[in-house]
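One structure below.
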Amino acid sequence: MNNKKEKMKKCLLFAVMLACIACNKTRNSTAEVPVSDEDNRFLTVDVSKEYPMSDRIRLQDIAEVEYVPLETNDDFLCAGRVFYIDNSIIIYVNGKNGEILIFDRQGKAKHKINRKGQSGEEYATVSCCLYDKEKNELYVSDMMLKKIFVYDIEGNYKRSFWHLPGAQYNRIYLFDEQYLLCYNNRIDSFE
């Protein structure tokens with residue numbers, strides 16, 4: 001019973017912290033959420049506007065929504081998820097077969113990368129990926145091998161490096177031009 005109460009307290013504390021952060025970030029009646037790190041455009045949501053009462057909130061009711069149909073053919077079949085979008089590129093990962101599909105912003109297929117294998121330049125799985133637009137580099141984190149592989153946008157191998165000992169990165173982010181910010185998924189790694 002105490003364990004359940006502790007979990008509820010933690011969830012409540014987390015919700016209060018999120019609310020405080022949201023209130024602190026919004027000084028007027030609109031909330032600004034960055035669309036991407038590469039540009040300064042913001043999605044603006046008017047939180048004071050009256051919306052129709054419903055048990056569902058549709059994104060179309062509070063923001064402009066753009067649907068981009070991705071080109072599909074025998075070589076470009078989408079059975080995964082989008083990992084990156086900016087004003088010029090969409091990166092889609094089919095994790096089970098190791099494919100990374102590159103589309104332009106209009107959804108036209110550009111490149112298909114599949115470096116799944118067992119050599120030193122190949123990944124075993126695609127846990128997550130990150131695109132550095134400035135350097136035109138694609139970072140692929142492999143939780144199974146505990147390694148990050150770096151390719152150019154056409155899929156040519158550039159370099160790789162290991163996760164820190166005991167760590168297992170399931171999310172990586174571009175911190176700045178020199179560093180990555182990595183989320184360690186291993187709960188027991190700091191014991």
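Here is the figure for segment 61-102: residues that are touching a residue at least 40 places away in the same chain (Cβ under 8 Å) and touching a Cys at 6+ places or on another chain (Cβ under 9 Å) total 4.
In segment 72-93 there is at least one residue matching the filter, namely being modelled with pLDDT under 95, surrounded by 19 or more Cβ atoms within 10 Å (Cβ to Cβ) and over 25 Å from L180 (Cα atoms). Report yes if some residue within segment 99-120 is surrounded by 13 or more Cβ atoms within 10 Å (Cβ to Cβ), at pLDDT below 90 and closer than 20 Å to R81 by Cα; otherwise report no. No, the conditions are met nowhere in segment 99-120.
Looking at segment 145-171, which of its residues are under 19 Å from I113 (Cα atoms) and among the aliphatic types (A, V, I, L, M)? Within segment 145-171, L145, I148, V150, I153 qualify.
Here F175 passes the criteria (1) at pLDDT 90 or above; (2) surrounded by 13 or more Cβ atoms within 10 Å (Cβ to Cβ); (3) at negative phi except the one numbered (2). Within segment 138-184, being out of contact with any Phe, Trp or Tyr (no Cβ under 7 Å at 6 or more places or on another chain) and charged (D, E, K, R) holds for D152, E154, R159, D176, E177.
The values are calculated or read from the model by the stated rules, or taken from the named source; none is laboratory data. This is a predicted model, so every value here is computed, not measured. Note that each Cβ is placed from the backbone with ideal geometry, even for glycine, and that neighbours are counted across all protein chains shown.
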